[in-house]
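Okay, so here's the structure we're looking at.
What follows draws every value from the coordinates through simple rules; no lab data is involved. Remember, predicted model here, so these are calculated numbers, not experimental data. All Cβ positions, glycine included, derive from the backbone under ideal geometry; neighbour counts span all protein chains shown.
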């Protein structure tokens, strides 16, 4: 149960902290100072303290953070102490790239269903062992596969229809790569990925710098 | 010239405002209320006013924002009133998906060079007309093509080497899709894209909600 409204930016930063901490863990670093952790995450130490303070007391004054412990705690805060089952729609280059991307599995996201509208692709077996299913089967297949999260990488014009099907499952969390704003009822959450927004950040810094 | 330190989140939101405004422009909407714009962007109207206030006076009280005008102003703020020339390295599924993604061209980003390390891919002509070049040629080709921005979608172990080559061009803004933290000298700016961070946001909301 959460009693405070946590800023979205805090959640995003917690994710980033855990990624950096995982790198430290791989290098067998047991403890990290808040200064170094902040530096590696591109924030200041006060920000890390503030973000964590929403959820309790972490770290030891004068020592820093125990790497394994903090990874465990952050993953628990984010709800990553379970496996998330992901359905993906649109098996073009982007869909294939996502399914092959090692990061998802590493973070506890498992692709359990893949869909496409193209009859030439339906029935094809992917390297992961998944067989591409028709989009018309999204509701039935996702229910059976117990998918929790949906990823849309279709063209813009197909995305709303896919989202509507996800909503019927119901799949309440959707990652949308299609360049369109998806409309969903309250209680559903869409995260849009627009690569060009990141490029705009670079353009701004090169211009303003 | 900028005299204030502008928060990174403001720049990201300006990008998002301009995407929503462009949708409005396509629908031939001349004016948008700050309330509706805020709703479509998923923020509150005060946030929009605050973000824009860093750069001057925008909108008309009791009317809202003139859509075309505000798009123009935001694009100018972000440095998008010019074409940005982009070099991309790693022509796997993700690289091919990015180069084919209509959003980049629409936002003024033009791919001017593509590279890969795989001898089987080098020399291949892409649908855009670009020919895949060897990574060893990054410095020479990028200088000739006058690339401003670099995109890395190689495996993790190749990314730092590519970044070092970009730094020699010099290309000062890099969008990094490889799952690794890239180290670059001061004055260079890297934006990391980690899809799983977005999924973590969803996981958190489904868990906490």
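Relative contact order of region B:4-98: 32 percent, from C-alpha pairs under 8 Å at least 6 residues apart in sequence.
For region B:84-196, the relative contact order comes to 25 percent (Cα pairs under 8 Å, sequence separation of at least 6).
Rounded to the nearest 5, the antiparallel percentage of DSSP beta bridges internal to the protein assembly as shown is 15%.
Taking Cα atoms only, the orientation of helix B:8-26 departs from the longest principal axis of chain B by about 80 degrees. If the segment from residue B:118 to residue B:143 were pulled out straight at 0.36 nm per residue, it would be longer than the present Cα-Cα gap by 6.8 nm.
Listing B:15, A:33 from fewest to most neighbouring C-beta atoms within 10 Å gives A:33, B:15. Taking the longest Cα principal axis of chain B as reference, the axis of helix B:156-168 is set at about 80 degrees. Ordering B:186, B:51, A:118, A:200 by the number of other Cβ atoms within 10 Å of each residue's own Cβ, fewest first, gives B:186, A:118, B:51, A:200. Go ahead and run the numbers for FRET between residue B:125 and residue A:125, Cβ-Cβ distance against an R0 of 35 Å, rounding to 0.05. Here the calculated transfer efficiency is 0.75. The ranking of B:148, A:73, B:161 from fewest to most other beta carbons within 10 Å of each one's beta carbon is B:161, A:73, B:148. Modelled label positions at residue A:186 and residue A:100, each set 7 Å beyond Cα in the direction of Cβ, lie 4.4 nm from each other.
Applying 1/(1 + (r/R0)^6) with R0 = 35 Å to the Cβ-Cβ distance of residue B:28 and residue A:136 gives a FRET efficiency near 0.55.
Axis of helix A:67-78 versus longest Cα principal axis of chain A: the two differ by about 50°, to the nearest ten degrees. Take every pair of alpha-carbon atoms less than 8 Å apart whose residues are at least six positions apart; their mean separation over the length of chain B yields a relative contact order of 14 percent.
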